[in-house]
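First the structure, in the form of structure tokens, and then the observations on it.
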Amino acid sequence: LRVVSWVQGEVLVREAMTPLLARSLGTKLAVLGESLRDFDHEHKDQHIAWDMQRALSLREHAAHIRDRALRNSVDDVLDEFERRGLPGFRRLRRQVIHNDANPDNVLVNNEGDQVVGIIDFGDLLDAPLIVDGAIAGSYLRDPRQPLWLLQPFVAAYNEVTPLTDEELGMLRLLLRVRLATTIVMGHWRSAEFGDDDE
């Protein structure tokens, strides 16, 4: 039995994302981070497959990616993360983060122009703070204008919680790591559980 409280709002429709909504998400995620700054819990170091700090373990499942070019891209991202990202994590500020601000966990108002809540704290863990921004930012994709949604999101986040130069310098790589994680997990689950696995 799971008991939850009701949070007013509608789940964010990814295709409905606008710069105004991206800005609202940046603000809301930063405020959530501020709220979690001093939070502590005995299970804050839980082991979950989506933990970016453990991204190198994705290599064991990357063999499920049959498309050679896509597999090479994922390998390149993980190699760069091993060289530059993981060592850099030691220098970044850490705290408990939400760790899963994907559109299914973001609630918007009826007009669809303001983020009113973030739900599902099951992936909560202790990690570099910028990981939270990278995860949310990885869903702000527009292939025609890559920075169209990311720029207002980061700017709004930065107004609430100023990001260091090192955190900003790491953001592009961490966005790519999250996308690589999504690709590997999708191919691995498809191979393990079949195409009907939601």
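The values are calculated or read from the model by the stated rules, or taken from the named source; none is laboratory data. Note that the coordinates shown come from a computational prediction; the quantities given were computed from them, not determined experimentally. All Cβ positions, even for glycine, are placed from backbone atoms using ideal geometry, and neighbour counts span all protein chains on display. The area values use the complete protein model at the heavy-atom level, side chains included, leaving out ligands, DNA and RNA. Shrake-Rupley method; radii C 1.70, N 1.55, O 1.52, S 1.80 Å.
Filtered by the rule that a residue be in a loop (DSSP other than H, G, I, E, B) and of a type in the set (Val, Ile, Thr), the range 1-29 gives Val3, Val4, Val7, Val13, Thr18.
So which residues in the range 59-78 are of a type in the set (Lys, Arg) and open to solvent by less than 70 Å² (accessible area, probe 1.4 Å)? If the condition is that a residue be of a type in the set (Lys, Arg) and open to solvent by less than 70 Å² (accessible area, probe 1.4 Å), then Arg71 is the only one that fits. Under the condition of being small (Gly, Ala, Ser) and surrounded by fewer than 15 Cβ atoms within 10 Å (Cβ to Cβ), the residues counted in the range 168-185 number 1. From the list Leu86, Leu92, the lone residue that is within 24 Å of Ile48 (Cβ to Cβ) and open to solvent by 40 Å² or more (accessible area, probe 1.4 Å) is Leu86.
The single condition from (1) closer than 16 Å to Gln53 by Cα; (2) open to solvent by 10 Å² or more (accessible area, probe 1.4 Å); (3) of a type in the set (A, V, I, L, M, F, W, C) that Leu125 fails is (2). Tell me, yes or no, whether the range 149-167 has at least one residue that is loosely packed, with under 14 Cβ neighbours inside 10 Å and within 22 Å of Thr18 (Cα to Cα). Checked against the condition, which is being loosely packed, with under 14 Cβ neighbours inside 10 Å and within 22 Å of Thr18 (Cα to Cα), the range 149-167 yields at least one hit. Asp113 satisfies every condition listed in (1) surrounded by 14 or more Cβ atoms within 10 Å (Cβ to Cβ); (2) within 26 Å of Leu149 (Cα to Cα); (3) in contact with a Ser or Thr (Cβ under 8 Å, 6 or more places away or on another chain) except (1). Contact map, the range 75-101: first residue at negative phi, second residue at pLDDT below 95 and of a type in the set (Lys, Arg), Cβ cut-off under 8 Å, separation 6 or more or different chains; pairs are Val96/Lys44. Taking first residues from the range 19-32 that are surrounded by fewer than 19 Cβ atoms within 10 Å (Cβ to Cβ) and partners that are at pLDDT below 95, the Cβ contacts under 6 Å between residues at least 6 apart in sequence or on separate chains come to Leu20/Asp113. Once the range 39-58 is narrowed to residues that are outside any helix (DSSP H, G or I) and free of Cβ contacts under 8 Å to residues at least 12 places away in the same chain, the residue that is least open to solvent (accessible area, probe 1.4 Å) is His43. In the condition set (1) farther than 23 Å from Ala16 by Cβ; (2) open to solvent by less than 30 Å² (accessible area, probe 1.4 Å), Asp132 is compliant with all but (1). Leu12 falls short on exactly one of the conditions (1) modelled with pLDDT of 95 or more; (2) surrounded by 14 or more Cβ atoms within 10 Å (Cβ to Cβ); (3) not small (Gly, Ala, Ser), and that condition is (1).
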